[in-house]
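Structure, as C-alpha cells:
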C-alpha cells in the first residue's frame, strides 16, 4: 500500500513538468506555422507596398508647338526642349539648360511623334499634352527622393526642385495612372518600360508549352494507366517520370541549349524553344495529375462499356477520358502556373536579352515575365526597383487567377463515386 | 463480310492509337536520355581540355579564358571546390531553417490542429510553394540582405551585401512547405492504434509524438528532407539574385559565396562561343548537379516507398 502511494507521488510530482513540456511542444508547432505565415505576409506586403506606386507615373501638362523647323529634322525632342525654354525663360548656360531638359523623359518626343502621325494637320499648331516626366522627377514626386537630404547626396538638384515646385504651383504636374506600364515593352528608361512585351512573350511560350505537354502528358497517362502491361519497361518509364519531376529546372535549360539550339539549330531567345523546354519540365506534373484522375474513375464504368461490346480504345475515349478530363485539366492548369513562374531554364536559352519590341511570332526574340523581373531587379535605378515589384504583382496576379480557376474547377466537377 | 471488314478497320485504328500512346510515353525516356547525353557529351569535351582531377579537387575558380595567348592570367582555373562548398553552405542554412519550421508545422497540423484550422493553414503554406523563385530572389536581394547587413552593423558584425545567410534564409522558407507537406503525409500514415497504445500507458500527447509517432515516421521524414535538400541544391534564381559571384572558399555565412547554379548561369548568359572551356565548364557543373540531385532523389524515393509498405 505504501509502495503504490509513493508510486503515485512520483507520478504526481512529475505531472506539472510534463504538462509544461506538453504546452511547450504545442507552442513550437504554433510558432512554426506563425513564422511561415508571417514570412509570407511580410514578403507579399513588402513587395506590394514597393510596387503599387509604379502603377502611377508623373506626367507634365506641356504646351508644345508642332514647329515645322523641328519636324522636318525629325527632332521631336527639340519640340519639347523649345517648350521648356519658353516656360523657364530665365535659364541660361548649357549645363543649366541640359538639366532643365532632363526634367522630361526622353520618350516624350516619341509621344509627340505618335500624336503627329495620327493627325498630321497639327503641323504648326500649339497644343497642350500630358507627357511623361523623367524617372528622377517621378521618384521625387512619389517621395522616394528625400528633399531634406544634402544636395550632393540627392539625384535631383535644388534647381530642379525649384522648377518642379513651380509646376506644382501651376498644377501642371501630377501623378496619373501608368497606362504605359501595361502597353510598352522593355526600355532602358524606367519611365518608358512596361510589361506588355514580357506578357506577350510569356503567353506565346505558355501556348507552345501547353500545345506540347497537354496531349503528350495525357496520352502517356492513358497508356500507363489503361493499356500498359505491368512489366520492366513500364516500370522504367514510371521511374523516369518520377525522377524527371525532381530534376533541377536549370538542367532542362542546359538540355535546351545543347539539343534544341546547338543541335537542331533552332533560333535563340524564341518562345518556340522556351515553350519546348518548359513542356519537358511540366510533363511529369501533368502525367502524375492525369494518372490520378484516371485512377479516380471507378472500374464499373469500364466494365459497363466492355459489357456493351465496346473495345478498349472506345471505352477509354468515350467513357473514361471524358470523366477524367476535369481532373486532368486542373492538373494541367497547375503545371502551366509553374511554367509561368519559371525563369532559370529560359536564361540558358537566351530569353534574357534586352528586347524592346513586342514579339509578334513564335520565333521572334522575346522574354517572359519572370525573366523581365530578374532583369529589372538587376538595374540600379530606384525607379526600376519599383517597377520590378509592380511586375511581380502582375505575375502573382496571374498565378492567383490560374490557381483560382483550378480550385473552382475542382470544386465544380469533383465527383465522388 | 461487311462486319469482318469493319472489324479489321477497327483493329487497325486501335493498333495505331496504341502505337501513338506508346510513342508519347517514350518522350519521358527520350528527355532523360537527352539530358544525360547532352551533359555527358559536353562535359567530356570539357574534360578533354581540363583534367577531371583539377576540376573536382581544385581550390580556385576563375573561369577567364585568354583573348590573346600571351595575356596575364590567361589560363583560367576551373577548380570547383569553392562552388561545391558554397552550394553546401547555402543549402545547409536553408535546411537548418526549414527542417524545424516545416517539421513542427506538420506535427501541429497533423496531431493538434482542429480540422477547420488545418483547412485554412494548409493552403496558405502551399502558397509559399507556388510563389515563383524569382520573387523570393527579389525579396532576398532587396529586403532580407540589406536588413541583415543593417542588423549586423548594429551588432558589430561585418555582413557582406550578398551574404550566404540571406540567400539561405529565404531558400529555407521556400522549401519549408515541401518538408511540411511530405512530413504531414507520413505522420498521417502512422496507424492510430500506435498512438492509442501510448495514450493507454499514460503518455501525454507530446510524449506520444516524440516517442512513438516520430520514430515510426522517421524514414519518411528523412526521405522528405533529402528531397528538400535536392531542391535546395538545384535552386537557381534565389542564389543568382541574392548570393555572390565571387568564389570564396569559406564557411562564414556572413560572407558572399557562389554556387554551382549561379556559375552555370553566369557562364552561359554572357558570350556564346560554344567551344571555349568556359561554356563547356557549365555543362560539367550541370552534370555534377544532375548526378547529385538524382542520387538524392533516388535514395529519397526508395526510403519513402519502402516505409509506406510497412503500414499499408
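Throughout, read-outs are computed from the coordinates displayed, never taken from laboratory work. What you see is a predicted model; the values in this text were computed from it and never measured. A quick note on method: Cβ atoms are made from the backbone with ideal geometry, for glycine too, and the neighbour counts reach across all protein chains shown.
Measure nothing fancy, just the Cα-based angle from helix A:321-341's long axis to the longest principal axis of chain A, in degrees from 0 to 90, nearest 10. For A:321-341 against chain A, the angle is about 40 degrees. Here the peptides A:268-275, A:342-349 are ranked by packing, the mean other Cβ count within 10 Å, and the order with the highest first is A:342-349, A:268-275.
Its residue count N sets the reference 2.2 N^0.38 Å, and the alpha-carbon radius of gyration of the range B:2-49 equals 2.15 times that reference.
Averaged over the residues of peptide A:190-203, the number of Cβ atoms from other protein chains lying within 10 Å of each residue's Cβ is 0. Look at the Cα gyration tensor of chain A: its axes a ≥ b ≥ c give a/c of at least 1.5 with a/b at or below b/c, and that counts as oblate. Averaged over the residues of peptide A:240-246, the number of Cβ atoms from other protein chains lying within 10 Å of each residue's Cβ is 6.
Counting only alpha carbon atoms, the long axis of helix A:369-378 and the longest principal axis of chain A meet at about 60°. What the Cβ-Cβ distance of residue A:6 and residue B:201 gives, at R0 = 22 Å and to the nearest 0.05, is a FRET efficiency of 0.65.
For chain B, a/c is not less than 1.5, where a ≥ b ≥ c are the root eigenvalues of the C-alpha gyration tensor, and a/b does not top b/c. That puts it in the oblate class. For chain A, modelled as a GNM whose springs connect Cα atoms under 10 angstrom apart, the maximal fluctuation among A:228, A:31, A:339 occurs at A:31.
Going out from 0 in 5 Å bins, what whole percent of all Cα-Cα distances in the range B:81-208 drops into each bin? In order of increasing distance, the bins hold 2, 10, 15, 17, 16, 12, 10, 8, 6, 4, 2, 0 percent. Among A:286, A:115, A:250, the largest mean-square fluctuation in a Gaussian network model of chain A (Cα springs under 10 Å) belongs to A:115.
Over the range A:313-417, the reciprocal of the mean inverse Cα-Cα separation, the Kirkwood hydrodynamic radius, stands at 16.5 Å. Between the range A:48-118 and the range B:114-191, the C-alpha centres lie 45 angstrom from each other. For the range B:176-196, backbone nitrogen atoms closer than 18 Å to the point 7 Å from residue B:210 Cα along Cα-to-C-beta are found at B:195. Peptide A:252-262 shows a mean partner chain C-beta count of 6 within 10 Å per residue C-beta. Computed packing ranks the peptides B:257-268, B:156-167, A:396-407, A:89-100 as B:257-268, B:156-167, A:396-407, A:89-100, most packed first, by mean other Cβ atoms within 10 Å. Relative to the 2.2 N^0.38 Å rule of thumb, the range A:196-413 has a C-alpha radius of gyration ratio of 1.16. The mean sequence distance of close C-alpha pairs (under 8 Å, at least 6 residues apart), as a share of the length of the range A:196-413, puts its relative contact order at 31 percent.
Just to verify a number: FRET efficiency for residue A:116 and residue A:265, C-beta to C-beta distance, R0 = 51 Å, to 0.05? For residue A:116 and residue A:265, the calculated efficiency is 0.75.
Rounded if a/c is under 1.5, else prolate if a/b is larger than b/c, else oblate: which is the range A:54-183, with a ≥ b ≥ c the root eigenvalues of its Cα gyration tensor? Here the range A:54-183 falls in the oblate category.
Each residue of the protein assembly as shown gets 259 Å³ once the volume of the Cα convex hull is shared out per residue. In chain B, the DSSP-assigned H stretches of four residues or longer account for a calculated mean residue ellipticity at 222 nm of -24500 deg cm²/dmol, using -39500 (n - 2.57) per stretch and the full residue count as denominator.
For the listed peptides B:215-224, B:238-247, a ranking on the average number of other beta carbons within 10 Å per residue, highest first, reads B:238-247, B:215-224. Summed over qualifying helices (DSSP H, 4 residues or more, each -39500 (n - 2.57)) and divided by its residue number, chain A shows a 222 nm mean residue ellipticity of -20500 deg cm²/dmol. Here residue B:26 and residue B:126 are evaluated by their C-beta separation; at R0 = 41 Å the FRET efficiency comes out at 0.80.
Residues considered: A:37, A:393, A:71. Largest GNM mean-square fluctuation over chain A, using C-alpha springs under 10 Å, is found at A:37.
Relative to the longest principal axis of the Cα atoms of chain A, the long axis of helix A:382-413 makes an angle of roughly 30 degrees. Length gained on full extension, residue A:152 to residue A:196, computed as 0.36 nm times the residue gap minus the Cα-Cα distance: 12.2 nm.
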